[in-house]
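Enquirer: Quick one: the structure is below, and I'll ask about it shortly.
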Amino acid sequence: MKLLIVTVSAPFGPAEAFAAAELSGLRQLGHHVTIAPVRPRGDIVHHEFDAAVDAVVASGLYSPAVVAGAIAEAIRAPGRVMRVVRVLAHSRSVVVFIKNLAVLPKALWLARMARQRGIEHIHAYWASTPGTVGMLAAGISGIGFSFTAHAADIDENNLIRAKAERAVAVRVISKDGRRRLEAAGVQASALRLVHLGVPVPDDPVPRSNGPGQLVVLIPGALHPMKGQVDLVRSLRLLEETHPKLKVSLLLAGAGPLESVLTREAEELGVRTAVRFLGHLSHDALLARYRAGTVDVVALSSVTTGGNPAEGIPVSLIEAMAHGIPVIATANGGIPELVTEETGILVPMGNPSALAAALAMLALNPLLRARLAMAGRERVLARFDTRQTSQHLAAAMGLASPREAPTAS
């Protein structure tokens, strides 16, 4: 089947790397995959997309090609265009309405392109404006439509009920996301729980450090919602309680919080134990995992101050797939992945709990090994892209449904 996948910007820019593995899985199932970013910005930094898609349709939001195509499609089917555009008037706020109106030309252009290329199904990777583009393009072209809802895009509530009513299916990546969509008024019968998946290496590489030493990698944008400041503060507490331990933090990401984290580390006297790697490509990040130089991956995200809840972060799934133990906060859908058996789960906004978890893993290599094995087994059972791509295809009606593993 010929699929059109609508993203925010992938394969351009650093975001949405997770999509490459799923799209590759869909291709391996025999589907032809065309990817269309709403706003193609930046360079292609995740080269996994080269093998994951058959075609990339990229044009600026208001490029001459998009404007011309939008006008031509509006002339071709004015009645159908007016019917689907009326949906935008029900946006929950002026801001959301303007965001949706801004992507209308792109949706019209994609509708035309989809018809011309014989696209048979449109799937949007987000419930926000990519979902708007997918819904409008599908409605205008008469092609089937589905979308994935993650976490922050659920909180935005951009015409989610309208999109769900017009979709073949709504894919959620976590039970927490399913609960929140039902609370937003989406019918439970429309929802399909399909976890994000990752490729699982055949053999994990042994970690390099023994007792008393720990290299902790923190993947993700340097942003208040990711809570990296709590991990920096935990280092100071760790020095006070376990002065002989050698624990270092590697922050793999870029963002507005870097200066704050640098100042915090200096004021706490732990600056030498904190290293800023900047943005790493997906390949470079996984290369560190394969090299065995990372002992623990930590994610200390928080939801206070209006920050959105997490879905089930791919950064944690990938670390566990590579046999790396994880520490994470009980945020959003994370407890569906990280349990007492598969990692260490701590309360949000609690540097003391993070310090205790780091000390526990630094002092006990056997515990690290046990959690690494259990975490990897959980990923193999529920988050292996070879399974999740099949379940996603089934949810979209592209293949015969197969029994999915029971979520827990």
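What follows is calculated from the coordinates using simple rules that are stated; it is not laboratory data. Not measured: the values here are computed from a predicted model. Ideal geometry is used to build each Cβ from the backbone, glycine not excepted, and the neighbour counts take in all protein chains shown.
Enquirer: Give the order of Tyr125, Tyr289 when sorted by the count of other beta carbons within 10 angstrom, beginning with the fewest.
Expert: Least to most surrounded, the residues fall as Tyr289, Tyr125.
Enquirer: Between Asp202 and Val260, what is the FRET efficiency for a Förster distance of 45 Å, r being their Cβ-Cβ separation, to the nearest 0.05?
Expert: 0.65
Enquirer: Grab the beta carbon distance between Arg290 and Ile75, set R0 = 45 Å, and tell me the FRET efficiency rounded to 0.05.
Expert: Working: r = 54 Å, r/R0 = 1.19.
The computed FRET efficiency comes out at 0.25.
Enquirer: Here is a further query. For the range 48-108, what is the largest minus smallest coordinate of the Cα atoms on each principal axis, given in angstrom and ordered from greatest to least?
Expert: 39, 28, 19
Enquirer: What spacing in nm lies between the two simple spin-label points modelled at Ala15 and Arg161, each 7 Å away from Cα in the Cβ direction?
Expert: In this crude label model, Ala15 to Arg161 measures out at 2.7 nm.
Enquirer: Within the chain, what's the longest run with no GluC sites (Glu not before Pro) in a DSSP loop and at most 16 other beta-carbon atoms within 10 Å? Give the range, please. Numbers along the way, then the final one.
Expert: On the way: sites that count: Glu120, Glu340, Glu341, Glu403.
Here the longest segment lacking exposed loop sites spans 121-339.
Enquirer: Figure the gain on full extension for Arg370 and Arg275 (residue separation times 0.36 nm, minus the Cα-Cα span) and round it to one decimal in nm.
Expert: Extra length from Arg370 to Arg275 when fully extended: 31.5 nm.
Enquirer: For the chain, what does the alpha-carbon gyration tensor say about shape, rounded, prolate or oblate, given a ≥ b ≥ c as the root eigenvalues, a/c under 1.5 as rounded, and a/b over b/c as prolate?
Expert: Note, shape of the chain comes out prolate.
Enquirer: Would you mind classifying the range 213-382 by shape? Square roots of the alpha carbon gyration tensor eigenvalues, ordered a ≥ b ≥ c; an a/c under 1.5 is rounded, otherwise it is prolate if a/b is larger than b/c and oblate if not.
Expert: It is rounded, given that a/c, with a ≥ b ≥ c, falls under 1.5.
Enquirer: In a Gaussian network model over the chain where Cα atoms closer than 10 Å are linked, find which of Lys175, Lys246, Lys106 has the largest mean-square fluctuation.
Expert: Per the Cα network of the chain with a 10 Å cutoff, Lys246 tops the list.
Enquirer: Gln187 to Arg92: FRET efficiency via 1/(1 + (r/R0)^6), r the Cβ-Cβ distance, R0 25 Å, to the nearest 0.05?
Expert: About 0.85, to the nearest 0.05.
Enquirer: May I ask which residue of Ala287, Ile327, Ala111 lies farthest towards the positive end of the charge dipole of the chain, with charges of +1 (Lys, Arg) and -1 (Asp, Glu) on Cβ and the Cα centre as origin?
Expert: Final value for the positive-end residue is Ala111.
Enquirer: Please list, or write none, the lysines whose alpha carbon is within less than 19 Å of the alpha carbon of Lys106, excluding same-chain residues fewer than 8 places away.
Expert: Lys163
Enquirer: For the residue pair Lys175 and Tyr62, what label-to-label distance in nm results when each label sits 7 Å from Cα along the Cα-to-beta-carbon direction?
Expert: 4.7 nm
Enquirer: Order of Asp203, Asp54, Asp155 from fewest to most other C-beta atoms within 10 Å?
Expert: Going from sparsest to densest Cβ surroundings: Asp203, Asp54, Asp155.
Enquirer: Okay, moving on. First obtain the Kirkwood hydrodynamic radius of the range 133-281 from its Cα pairs, then insert it into the Stokes-Einstein equation at 37 °C and 0.692 mPa s, and state the resulting D in µm² per second as a whole number.
Expert: My calculation gives 173 µm²/s for D.
Enquirer: Can you sort His90, His150, His31, His223 so the residue with the fewest Cβ neighbours within 10 Å comes first?
Expert: With the sparsest Cβ surroundings first, the list reads His90, His223, His31, His150.
Enquirer: When the Cα centres of the range 124-151 and the range 274-306 are compared, how far apart do they sit, in Å?
Expert: 31 Å
Enquirer: In a GNM of the chain with a 10 Å cut-off on Cα contacts, which of Leu104, Leu367, Leu191 has the highest mean-square fluctuation?
Expert: Result: Leu367 has the largest fluctuation of those listed.
Enquirer: Can I ask one more? Working out 0.36 nm times the residue gap between Lys2 and Leu380, then minus their Cα-Cα distance, what length gain in nm do you get to one decimal?
Expert: Contour length minus Cα-Cα distance gives 133.2 nm.
Enquirer: Let me ask another. Evaluate Rg over Rh across the range 1-157, taking Cα atoms for both radii and Kirkwood's formula for Rh.
Expert: Value, to two decimals: 0.95.
Enquirer: Return the distance in nm (one decimal) between the two label points of a simple spin-label model at Ile44 and Glu267, each offset 7 Å from Cα along Cα→Cβ.
Expert: 4.5 nm
Enquirer: Could I ask something else about it? May I ask you to compute the full-extension gain from Leu29 to Met360, defined as 0.36 nm times their residue separation minus their alpha-carbon distance, rounded to one decimal in nm?
Expert: Working: separation 331, 0.36 × 331 = 119.16 nm, distance 4.31 nm.
Length difference between fully extended and current span is 114.9 nm.
Enquirer: Starting from the alpha-carbon convex hull of the range 12-64, give the projected area averaged over all orientations, in nm².
Expert: Convex hull of Cα atoms, orientation-averaged projection: 3.7 nm².
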